[in-house]
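A short worksheet on the structure shown next.
The values are calculated or read from the model by the stated rules, or taken from the named source; none is laboratory data. If you're wondering where the values come from, they're calculated on a predicted model, not measured in any experiment. Neighbour counts run over all protein chains shown; Cβ positions are idealised from the backbone, glycine included.
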Amino acid sequence: MFDFSIVSSWIHGLLTGFMPEGLAIFLECVVIGVCIMLMYAILAIILIYMERKVCAFFQCRLGPNRVGKYGLMQVFADVFKMLIKEIITLKNSDRLLYNLAPYMVILASILSFACLPINKGMEIINFNIGVFFLMAASSIGVVGILLAGWSSNNKFTLIGAMRSGAQIISYRTFSWSFHPYNGSTYRNHVVL
């Protein structure tokens, strides 16, 4: 397996050769953030297309085939449709918290994605409490869901948010129960 720490240390040395180290680290962080967002977008496109095709196969139909060849442009058509829709804001809602909730869910997802080791030397965050950081960062999404339900000032959306939050917490409790058996809390020791 190729060690990507050689490439990352070479890039860091190249950048610190003609700019201050603080600026080089900031630039590296921005590039890594852009790469995570790009990887997120590509994964979303692939997984949405796959989900539609698999669901269509289960239901004995063709699936998306109208927009583009084999329906490949359907995801982009859906994004365009969502962008031109009217944004609805509830009348009695707490607007700041209501608009903050989706960003908290996205932040939790990106922070969780950032600490997963892709290859040796290619992890973004690697420290001793990696498993606990992943658990804490992914739990921010539950807070965002509960915040969305609570800030809408409606008892039915609050009940729905509580149900969704309870489901996510129960799934996380089961899925993280195997980590004590690995003997390490480093994410790259667990995965690689």
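Some points to look at:
- Being within 30 Å of residue 107 (Cβ to Cβ), over 24 Å from the mean Cα position of the chain (by Cα) and not in a helix (DSSP H, G or I) is a condition met by no residue of the range 41-62.
- The numbered conditions (1) surrounded by fewer than 19 Cβ atoms within 10 Å (Cβ to Cβ); (2) hydrophobic (A, V, I, L, M, F, W, C); (3) modelled with pLDDT under 85; (4) farther than 25 Å from residue 2 by Cβ are all true for residue 106 except (3).
- For residue 95: the one exception among (1) closer than 30 Å to residue 152 by Cα; (2) outside the structural domain of residue 158 (by TED's automatic domain parsing): (2)
- Selection count, the range 37-83, where residues are exposed (fewer than 14 other Cβ atoms within 10 Å of the Cβ) and under 30 Å from residue 15 (Cα atoms): 6
- If you go through the range 22-73 and pick out every residue that is touching a residue at least 12 places away in the same chain (Cβ under 8 Å), out of contact with any Gly (no Cβ under 7 Å at 6 or more places or on another chain) and charged (D, E, K, R), you end up with 1.
- Checked across the range 22-31, the condition of being loosely packed, with under 11 Cβ neighbours inside 10 Å and outside any helix (DSSP H, G or I) holds for no residue.
Residue-wise test of (1) farther than 22 Å from residue 116 by Cβ; (2) modelled with pLDDT of 85 or more; (3) assigned by TED's automatic domain parsing to the domain that holds residue 119.
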residue	(1), (2), (3)
7	no, no, no
22	yes, yes, no
29	no, no, no
32	no, no, no
38	no, yes, no
54	yes, yes, no
